[in-house]
Amino acid sequence: MMNLHSLALCALVALSCTPKSDVVEIHDWNFGGMPKMIEFLRERVESFERTHPGVRVVQSQKSWNMIREILYADFSAGAGPDVINVHANYAAEFGGAGHYYPLNKFPDFEEVRSWYVPHFIESTMYKGNTYGLPCSAIAFVLVCNKELFDREGVVPPRTWSEFREVARRLTKDTDGDGVVDQYGLVLLGGDRGGFAYRLAPFMLKAGANILSDDMTKVEFNSPRAVAAVKLFADMYQVDHSITPGFLAYTLSEINDLFSSNKVAMSIEGPWFRALVKDKSPGKDLYAVPVPVPDDRIDQYDTAPTLQDMVMYSINAHSKHVNEAWELVKHLRNVESDMAWLSTDMGAIATTMGALNSPEAKNVRDLPMYINELKHARPWPSHPKIIAIANNVIAPYGQKAISGELSPQEAMDRAAEEAREIIEGKQ
Amino acid sequence: MRKSTPYLLLGPALLFTAFVLGYPLLQNLINSFRDVSLLRADSEWIGLRNYTQVFGDDLFWLTFRNTAVYAVVGTVFALLIGLGLAILLNMKIGRISNVAAALYTIPWVISPVVAGFAWKWLLNDNFGIVNYWLSSAGITRGGISWLGNPQTALLCVIVARVWQFYPFAMIMFLAGLQAIPREQYEAASVDGATAFRRFFHITLPNLRAITSVLLVLGVIWSFNDFNMVFVMTRGGPINASMVLPVLVREYSFVHFDLGRGSALSIIVFTLLLVLSVVYLRAASRREPT
């Protein structure tokens, strides 16, 4: 018995004395994404490991809704993954705080930079540094329920007055029981971030800014921005063409309503077609630019909408930045980006090689999205912009639409709070 | 046995308690006097500023009112329903009572997160069964947006809270009812007391201690209830159903202001501490000395 114990002890000591493996372990966190994209990324990582035998990648899938909480908790502890797939507009917030590694420090960065549509990669910059490689570009557009539009004999609206009129016409009692059961528009009100992302495209299309170009002044309470809020307030309070319960809706409920013909329009992006297809196979939709104010109809195709994007970043605290860089390039090169054309990833490719390829011509809605993205603007590159969008613009926008405050009063109060945030008083 | 032996034996448990309870509480208290943010590595001592910010925030007072309504109304209704069902179960109608008792306790054993999602779907304005029943019965016309309307959202989370808490109250009351000596009822019947008088002069006085314990416990647990409200409404719409534990999360992990979040959690802790003292006194009154 004693001998057996001695043997086990020797084996344990021998094992613990074994030289450390030369394999570098990279942790790669992916936030959100459609199942097809997650599957593709898994395959892509496997191909990376085959071509880089000295690197092992540990992939983790995280909740999109908890992205900031998770990152801040990890970064503040000096931890976190080596590679992160996050919102591009976090470049200012996390890059500015020193949590992202500046990719422009890599010697081959200029060559890698040339892969991308220039303004996409500019969206990942903050104070001269590039903090991520673009992935999954998104332009916010208006999606219209084709079945309801065709049945009513209306076409997707181009101006705000057409938008109101179409929403009014498509709000109706379809079964004749005296109760409205189909609404013109649904808004995502149960997710503050998501709500701000749906209000901002109308402000931008109206020619308003969120912040001034030098990012020192708040401008989302300008007359044009307030007019965008008033448009929704009138649709909700006067026309009653927005679903009454929008303040509780998440994307899942919007998809349910759209797929079951209870709403005719929603402000979404390229992900929505795949979501609807999953829920209601065969259901079709029109994806068109967000309407513009009547006096800007000449800019219908050129007025900016809101651009959103994901980027691949490297943790500044990573001990393996070079290996992480190799992985990021492998995940985001043109070859990889071609998958955004061959498969519906719910977003648009970001490399010029993919977007200019012959395959791009066969992708539905792509020309419209490319055109919208050409003019689209991301949220201003300010470290506090997410806090302003989620905690100020969204709640005050909701107060204005639901009638708790007038649009001007709501946006003025929001602007006041946003100024306090920018000046660091909050 | 030496005098110090019991203390030595208690030592590990006390150390463990200090580590898992004392340390976080102390750190939270320290954070509440510092400008701590997840956005920055450094922090500075700012005295009572976090507390003055919390007390100066209109949202805090709205949330405090919501929490008080949620806790008091939710607990009172849960107790009334629990008492009613306990009285029915105490009648011992064959095996039905046992089956019913098991069924009635189901809400208590369901996870609040699961229950929250279930209630969210039950109350859905377009596909929820509550609206379906109401419109089928001709009570309402069309789907009411229960959770999307600032006027009804808090009411809905209170209903869900009542549904989850009443089984506990029912079991406690049932135990209390079974402990009342039958002789008291028999004597009252001989004296010609009606069922109504027997209830108010025998049943209720005998349940007074249990009722006070349940009231305090219910209010304490409601003040601490995060899951149900967060899952159902996240405190919305437009903060209409915001309660204190959700606001602590809001300050700490939405605004990333840990200092303010800590200050608010210390305020909630102090409130609950006071209620706990009340509970302990009520509980000690229940025990015959």
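Can you pull out every residue in the range A:347-377 that is crowded, with 19+ Cβ neighbours inside 10 Å and out of contact with any helix residue (DSSP H, G or I) (no Cβ under 9 Å at 6 or more places or on another chain)? Correct list: A:TYR369, A:GLU372. Candidates in the range A:314-373 are the residues that are acidic (Asp, Glu) and part of a loop (DSSP other than H, G, I, E, B); of these, the one that is nearest to the chain's Cα centre (by Cα) is A:ASP344.
Residue under question is A:GLY95, and the condition is that it be surrounded by 12 or more Cβ atoms within 10 Å (Cβ to Cβ) and either at pLDDT below 90 or within 30 Å of A:PRO383 (Cα to Cα) (or both); does it hold? It is true that A:GLY95 is surrounded by 12 or more Cβ atoms within 10 Å (Cβ to Cβ) and either at pLDDT below 90 or within 30 Å of A:PRO383 (Cα to Cα) (or both). Checking the structure you have, find out if any residue of the range B:228-247 is in a helix (DSSP H, G or I), more than 23 Å from A:GLY245 (Cα to Cα) and within 10 Å of chain A (Cβ to nearest Cβ). The answer is no; no qualifying residue exists. Residues in the range A:394-406 that are more than 7 Å from chain B (Cβ to nearest Cβ) and over 18 Å from A:MET235 (Cβ atoms): 0 in all. Quick check: is even one residue across the range B:37-45 surrounded by 14 or more Cβ atoms within 10 Å (Cβ to Cβ), modelled with pLDDT of 90 or more, within 14 Å of chain A (Cβ to nearest Cβ) and not in a loop (DSSP other than H, G, I, E, B)? Among the residues of the range B:37-45, not one is surrounded by 14 or more Cβ atoms within 10 Å (Cβ to Cβ), modelled with pLDDT of 90 or more, within 14 Å of chain A (Cβ to nearest Cβ) and not in a loop (DSSP other than H, G, I, E, B), which makes the answer no. The residue that is farthest from the other protein chains (Cβ to nearest Cβ), counting only those in the range B:99-131 that are among the polar types (S, T, N, Q) and within 26 Å of the chain's Cα centre (by Cα), is B:THR105.
Among residues of the range B:132-148 that are at the interface with chain A (Cβ under 9 Å from one of its Cβ atoms) and within 24 Å of B:VAL229 (Cβ to Cβ), those with a Cβ under 7 angstrom from a residue that is aliphatic (A, V, I, L, M) and part of a loop (DSSP other than H, G, I, E, B), sequence gap 6+ or separate chain, pair up as B:TRP146/B:LEU123; B:LEU147/B:LEU123. When A:VAL180, A:VAL226, A:VAL154 are checked against the criterion of being within 14 Å of another protein chain (Cβ to nearest Cβ) and among the β-branched types (Val, Ile, Thr), a single residue qualifies: A:VAL180.
Among the residues here, B:LEU215 qualifies as under 20 Å from the mean Cα position of the chain (by Cα) and either within 21 Å of B:LEU25 (Cα to Cα) or away from chain A (no Cβ under 14 Å) (or both). Listed here are the helices (runs of 4 or more DSSP H) enclosed by the range A:382-426 that have at least 1 residues being at pLDDT 95 or above and not assigned by TED's automatic domain parsing to the domain that holds A:GLY95: A:394-402, A:407-422. Number of residues in the range A:242-252 that are farther than 23 Å from A:GLY403 by Cα and either at the interface with chain B (Cβ under 10 Å from one of its Cβ atoms) or in contact with a His (Cβ under 7 Å, 6 or more places away or on another chain) (or both) equals 0. In the range A:214-306, counting only helices (runs of 4 or more DSSP H) that sit wholly within it, the ones holding 2 or more residues that are in contact with a strand residue (DSSP E or B) (Cβ under 9 Å, 6 or more places away or on another chain) span A:251-259, A:271-279.
Kindly establish whether A:VAL263 is at pLDDT 95 or above, surrounded by fewer than 17 Cβ atoms within 10 Å (Cβ to Cβ), among the β-branched types (Val, Ile, Thr) and not assigned by TED's automatic domain parsing to the domain that holds A:SER47. So A:VAL263 does not fit the description; no.
The values are calculated or read from the model by the stated rules, or taken from the named source; none is laboratory data. These numbers come from a predicted model, not from an experiment. Backbone-built Cβ (ideal geometry, glycine too); neighbour counts: all protein chains shown.
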